[in-house]
Each structure stands twice: as structure tokens, then as C-alpha cells.
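> One structure, as C-alpha cells, below. Some questions next.
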Ligand SMILES: NC(=O)c1ccc[n+]([C@@H]2O[C@H](COP(=O)([O-])OP(=O)(O)OC[C@H]3O[C@@H](n4cnc5c(N)ncnc54)[C@H](OP(=O)(O)O)[C@@H]3O)[C@@H](O)[C@H]2O)c1
């Protein structure tokens, strides 16, 4: 990673040292970025900031408080960032649950789709820094387990279309979808239990490596054509994804549906 002094980064789901998000935000902060620590509550965000500052007293960190399944909270939190900042260089949409109950948000959107995301957007100065969203039909998947691969497919499709939209509007952004690998995190321990989680190959800092590559590796900007809209897997390799993940019409359909739901919820 290059020096990030003067850059502003926002990472959702970054409150817990045992998670991937905290490790991403910590490394960005160690490189000099001013960071926004995303969490559902102010207390959780402050706990994350406290942990960051204990390890690095020079860290410049602010809270980004939003329950991500609630679009109105996300919009309000993004508006606060806009009031304070005139730039957002890195946005990591990391917050997600490993395998939540298949509930719906207050707006009738599948909770898994509304929250689950690990795309990264790294940018020089986006016009709209609010987090990309992945809402779709609440009935799309039958079980919490089956929503996980489906939501990952949605991430990849969404990022491809997002990149297309940025390019068409001339917004200088590189958007990537990221798979951090199998990582033993707090969330995984809650999901599969300590014994099984401990057999996963990666620790949270390893899991942060591929998102950090997407967010801040100089070659991603230097080779924009190669990485724009790509899906990267450990450690920073581009993967083609499934046949469905390359379906442009499906990506557009998901985008249109997402826009429709977002507009409806925020109306
Ligand atoms: N671990 C893996 O093997 C693995 C594999 C593939 C992909 N991923 C992806 O990597 C990302 C991080 O995973 P992880 O294993 O580090 O998970 P984790 O330990 O469960 O951490 C998830 C973070 O997201 C936050 N979060 C969850 N739901 C939220 C919501 N509705 N609103 C706001 N914040 C919310 C959590 O906050 P709370 O502390 O309040 O719950 C926590 O800070 C996720 O997108 C996950 O899908 C992980």
C-alpha cells in the first residue's frame, strides 16, 4: 500500500478487532488515512475507535453509525460525512452477517441482501459516496445458507454495473467485488462455532489483505482497465466468477431493481 496521508476512507462493519472490517480500517489508518469506523451503534463505533487509538495514538478516526439494513439511516450517516468531508477516497462495504436468519428489513427487503456485501469502491472523489446497496426480492432464496452465494453473485453483478454507470458518467472510480477467503472471524465463530471456525485457513488480518489490495494497491489505479468492475479473490487475484456473474443483462436487471427499491424506501 502507498502512503495514504490526506486520504479519507470509510469502512462499514469495522467495530470489532476480531473481524475483517476492523483490520481493514486499522491498516488504512496505519498508512495515514483519516478513517470512518462503521458500526450499527455509536457505542460500537467508539469501541472500534478506542481499539484503533490504543494501537496507534496518532490514528484519525471518526464514527460512521448506521444500521445498514435501514436505508434511511445509511442516507443520514452519508449526509453527515458529506457535511464534514469534501472527498472520499476509499469506501469498503464490508458489513455483513455470516448467515443471518432469513428475515426482512422494515421495508420488506431481504435482510441478507440489504446488508450482506463485500464490494470495495476505491475512488479519487466520487460524487455520491453513499454505500452501494444490494436489495432484491425477499423471496429470492429459501434458506439463510442459500442466500450467501446468491448475495455474493449479486455483489459481483452489482459492482460490474456500478462501474459501468461510473464510467458512463465520467466519475473517476474503480469498483471491485472482493472475496476475502475463509477467515476465522467473530462472525464465523458465532455462525459455525469456535472449533470449526478455528480450522479456517485465515486470520482476520489475512482476510483484510484482499480488500486492502482492492482499496489501496497502487496497481489497481495504474491498471484501471484491468481491475475496473473486477472480482478479486485471495490474495489480489482476479477471478472470472461463474457464468451468471458475467451476465450483463442480469447485472442491469439487478441494478434497476435496486434503484427501484431504494427510491421506494427513501421516497
Ligand atoms: N469470514 C469469512 O470467512 C468471510 C468469507 C467471505 C466473505 N466474508 C465477508 O467479509 C465481510 C466481513 O466478514 P467478517 O467475517 O469479518 O464478519 P463479522 O466478524 O461478523 O463482522 C461483520 C461486521 O459487520 C457489522 N454488521 C453486520 N450487520 C450489520 C448491519 N446490519 N449494520 C451495520 N453493521 C453490520 C458487524 O457489526 P456487529 O458487531 O454489530 O454485528 C461487524 O462489525 C462480510 O461482508 C462477509 O460476508 C467473510
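The values are calculated or read from the model by the stated rules, or taken from the named source; none is laboratory data. What you see is a predicted model, and the numbers here were worked out from it, not measured in a lab. Cβ coordinates were reconstructed from backbone atoms using ideal geometry, including for glycine residues, and neighbour counts include every protein chain displayed.
> Based on this model, can you work out whether residue 234 counts as surrounded by 19 or more Cβ atoms within 10 Å (Cβ to Cβ) and near the ligand (Cβ under 9 Å from one of its atoms)? If you could, list the steps in order and put the result at the bottom.
Values: surrounded by 19 or more Cβ atoms within 10 Å (Cβ to Cβ): yes; near the ligand (Cβ under 9 Å from one of its atoms): no.
So residue 234 does not fit the description; no.
> For the stretch 152-259, which helices (runs of 4 or more DSSP H) that fit wholly inside it have 3 or more residues that are closer than 24 Å to residue 95 by Cβ?
Values: elements: 186-192, 194-197, 204-216, 218-222, 224-227.
Hits in the stretch 152-259: 186-192, 194-197, 204-216.
> Continuing with this model, one more query. Just for the stretch 193-209: of the residues that are without any contact (Cβ under 8 Å) to a residue 60 or more places away in the chain and surrounded by 17 or more Cβ atoms within 10 Å (Cβ to Cβ), which one is farthest from residue 183 (Cα to Cα)? Quick ask: steps written out before the conclusion?
Here is the first cut: in the stretch 193-209, the residues without any contact (Cβ under 8 Å) to a residue 60 or more places away in the chain are 193-203, 206, 209.
Now narrow it down to the ones that are surrounded by 17 or more Cβ atoms within 10 Å (Cβ to Cβ): 197, 200, 202, 206, 209.
Numbers: 197: 8, 200: 6, 202: 5, 206: 8, 209: 11 Å.
It comes out as 209.
> Only one of these conditions is not met by residue 233: (1) at pLDDT below 95; (2) under 16 Å from the mean Cα position of the chain (by Cα). Which number is it?
Evaluating residue 233 over (1) at pLDDT below 95; (2) under 16 Å from the mean Cα position of the chain (by Cα) leaves (1) as the failure.
> I'm trying to understand the selection: among the residues of the stretch 26-66, which are closer than 20 Å to residue 82 by Cα and over 20 Å from the mean Cα position of the chain (by Cα)?
Within the stretch 26-66, just 60 meets the criteria.
> Residue check: is residue 99 out of contact with any strand residue (DSSP E or B) (no Cβ under 7 Å at 6 or more places or on another chain), modelled with pLDDT under 95, near the ligand (Cβ under 10 Å from one of its atoms) and more than 23 Å from residue 260 (Cβ to Cβ)? Talk me through it step by step, then tell me what you get.
Values: out of contact with any strand residue (DSSP E or B) (no Cβ under 7 Å at 6 or more places or on another chain): yes; modelled with pLDDT under 95: yes; near the ligand (Cβ under 10 Å from one of its atoms): yes; more than 23 Å from residue 260 (Cβ to Cβ): yes.
In short, yes.
> Okay, moving on. Please go through the stretch 1-18 and give me each residue that is within 10 Å of the ligand (Cβ to nearest atom) and buried (at least 23 other Cβ atoms within 10 Å of the Cβ), ordered by number.
11, 12, 13, 14, 15
> For the stretch 169-188, give me the residue count where each residue is more than 21 Å from residue 245 (Cα to Cα) and more than 8 Å from the ligand (Cβ to nearest atom). Let's see the steps before the verdict.
If we filter the stretch 169-188 for residues that are more than 21 Å from residue 245 (Cα to Cα), which is where we start, we get 169-172, 183-188.
Of the ones still in play, those that are also more than 8 Å from the ligand (Cβ to nearest atom) are 169-172.
Selection size over the stretch 169-188: 4.
> Could you list, in sequence order, the residues of the stretch 215-245 that are without any contact (Cβ under 8 Å) to a residue 24 or more places away in the chain and out of contact with any strand residue (DSSP E or B) (no Cβ under 8 Å at 6 or more places or on another chain)?
Applying the first criterion (without any contact (Cβ under 8 Å) to a residue 24 or more places away in the chain) to the stretch 215-245 yields 219, 222-223, 225-226, 237-238, 240, 243.
Once the filter is applied, which keeps residues that are without any contact (Cβ under 8 Å) to a residue 24 or more places away in the chain and out of contact with any strand residue (DSSP E or B) (no Cβ under 8 Å at 6 or more places or on another chain), the stretch 215-245 yields 219, 222, 223, 225, 237, 243.
> Condition test on residue 262, is it assigned to a strand (DSSP E or B) and in contact (Cβ under 8 Å) with a residue 40 or more places away in the chain? First the steps, then the outcome.
On the way: assigned to a strand (DSSP E or B): no; in contact (Cβ under 8 Å) with a residue 40 or more places away in the chain: yes.
No: the conditions fail for residue 262.
> Of these, 4, 10, which one is within 23 Å of residue 213 (Cβ to Cβ) and either at pLDDT below 95 or in a strand (DSSP E or B) (or both)?
Values: 4 fails: either at pLDDT below 95 or in a strand (DSSP E or B) (or both).
On inspection, the qualifying residue turns out to be 10.
> Let me ask something else about it. Spot the failing condition for residue 19; the list is (1) touching a helix residue (DSSP H, G or I) at 6+ places or on another chain (Cβ under 6 Å); (2) modelled with pLDDT under 95, and only one is missed.
Evaluating residue 19 over (1) touching a helix residue (DSSP H, G or I) at 6+ places or on another chain (Cβ under 6 Å); (2) modelled with pLDDT under 95 leaves (2) as the failure.
> Continuing with the same structure: Identify all residues within the stretch 36-73 that are assigned to a helix (DSSP H, G or I), more than 9 Å from the ligand (Cβ to nearest atom) and surrounded by 14 or more Cβ atoms within 10 Å (Cβ to Cβ); write none if there are none.
At the first step, the residues of the stretch 36-73 found to be assigned to a helix (DSSP H, G or I) are 42-55, 71-73.
Adding the requirement that they be more than 9 Å from the ligand (Cβ to nearest atom) leaves 42-43, 45-47, 49-55, 71-72.
Within the stretch 36-73, 45, 46, 47, 49, 51, 52, 53, 71 qualify.
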